[in-house]
Amino acid sequence: MNGSRSTASGRRKAAIVLVSLDSETAASVLKHMRDEEIEQLTLEIATLGKVSSAQRDATVSEFYQLALAQEYISQGGIDYAKHILEKALGTSRALEIINRLSANLQVTPFDFVRYISPEQLTSFIEGEHPQTIALIVAHLRPDQAAMVLSALTPDLQADVAMRVAQMEGARPEVIREVESVLERKLTSFGTQEFSAAGGVKSLVEVLQNVDRSTEKVILERLEEESPDLAEEVKNLMFVFEDIVFMEDRYVQMVIREIDSKDLALALKTASDEVKDKITRNMSERASAMLREELEYLGPVRLRNVEEAQMKIVAGIRRMEEAGQLVAIREKGDEMVV
């Protein structure tokens, strides 16, 4: 019952804040809400009745203070937010706000590093133990983790990648200790909430965002160190060479969706099997034009070839997620969907 009253009270306050805004701003806020939330809030506004200026001012002020506190937490953690709010509002009010947020807010471990460039973060952590680096990488956004992983030495890349894949989570005290290490280097720290990270899927998300050269090095090292783990990672990934395992009808769909220049560039370093798979699924005229474009392409940067391959793979993954095709991964003598 208390929870229901609290939710109702929260909706009433949200309604008061919304009607205090101009119509354009209020409409903009509603665009970011789910249909169910919009319906509940609209009903609350409809039954709001008269609101005194004192009640409105108090509610808007409370909303502003909570929003400010949440921003402080994102920037430097709960301790940082508490310190700033105590200076602005006094100890009692600051504790009240922090306690309310702490009860409902889950801050992702290492959330504060999102304000740091991957280059800076790499320079801070590259001297740490590989397990420490793996813990940090596992909690980063995939794109940020990919850039950090790409900047490490090949040996360290493989070591960290394997540790991320084998990670099943970490105890809160371990995460806090590692965060403390970064605090001393970044002068920004907060006690973050525990959340599980790591594992094969986490590594796959990172590998899907790194450049092809880094991906290749890591997969080769994984195969040397742990063939079973490498196979598990590969089964969850779709790489450019896997086009040879796709059904012809799906290859034809992909060819229709990609730019011919990207296709020619991507095939520059491709195996004969991949080239044959592509050309067999094109008309004779289109196939001849592609071969001619490849012949006259001339020397190109490997990075440009890899970017073209990644662009095609990204398109295949998007089409697979949309249910338009099935991307098949190789597994020994059988195919795994």
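The values are calculated or read from the model by the stated rules, or taken from the named source; none is laboratory data. In this text, all values refer to a predicted model and were calculated from it rather than measured experimentally. Positions of Cβ are backbone-derived with ideal geometry, glycine not excepted, and every protein chain shown enters the neighbour counts.
Looking across segment 231-253 at every residue that is under 21 Å from residue 303 (Cα atoms) and hydrophobic (A, V, I, L, M, F, W, C), the one that is surrounded by the fewest Cβ atoms within 10 Å (Cβ to Cβ) is identified as 239. Considered as a group, the residues in segment 116-161 that are of a type in the set (D, E, K, R) and assigned to a helix (DSSP H, G or I) include one that is modelled with the lowest pLDDT, and that residue is 119.
Looking at 308, 264, can you tell me which residue is over 30 Å from residue 165 (Cα atoms) and aliphatic (A, V, I, L, M)? Break it down into steps so the answer makes sense when it comes.
On the way: 308 fails: over 30 Å from residue 165 (Cα atoms).
Exactly one residue qualifies, and that residue is 264.
Picking from residues in segment 45-63 that are modelled with pLDDT under 75 and either part of a helix (DSSP H, G or I) or touching a strand residue (DSSP E or B) at 6+ places or on another chain (Cβ under 6 Å) (or both), the one that is farthest from residue 93 (Cα to Cα) is 46. For segment 244-255, the set of residues classified as within 16 Å of residue 267 (Cα to Cα) and free of Cβ contacts under 8 Å to residues at least 60 places away in the same chain consists of 244, 251, 252, 255, listed by residue number. If the condition is being aliphatic (A, V, I, L, M) and modelled with pLDDT under 75, then segment 162-203 contributes 170, 181, 182, 186, 196, 197, 200.
For segment 200-230, residues that are surrounded by 15 or more Cβ atoms within 10 Å (Cβ to Cβ), over 19 Å from residue 305 (Cβ atoms) and among the charged types (D, E, K, R) total 3.
Suppose we keep only residues that are β-branched (Val, Ile, Thr) and within 22 Å of residue 318 (Cα to Cα) within segment 254-282. Which one would you say is surrounded by the fewest Cβ atoms within 10 Å (Cβ to Cβ)? Give the steps one after another, and end with the answer.
The first filter runs over segment 254-282 and keeps only residues β-branched (Val, Ile, Thr), leaving 254-255, 258, 269, 274, 278-279.
After this cut, where a residue has to be within 22 Å of residue 318 (Cα to Cα) as well, the list is 254-255, 258, 274, 278.
Details: 254: 21, 255: 17, 258: 15, 274: 18, 278: 22.
Among those residues, the one meeting the criterion is 258.
Tell me, please, whether a residue that is modelled with pLDDT of 75 or more and of a type in the set (Gly, Ala, Ser) can be found in segment 83-90. Yes, that holds for at least one residue. Residues of segment 297-306 that are of a type outside the set (S, T, N, Q) and in contact (Cβ under 8 Å) with a residue 24 or more places away in the chain: 297, 300, 302, 303, 305, 306.
Test residue 318 against the stated conditions and say whether it is over 27 Å from the mean Cα position of the chain (by Cα), assigned to a helix (DSSP H, G or I) and without any contact (Cβ under 8 Å) to a residue 24 or more places away in the chain.
Working: over 27 Å from the mean Cα position of the chain (by Cα): no; assigned to a helix (DSSP H, G or I): yes; without any contact (Cβ under 8 Å) to a residue 24 or more places away in the chain: yes.
Judged against the criteria, residue 318 is not a match.
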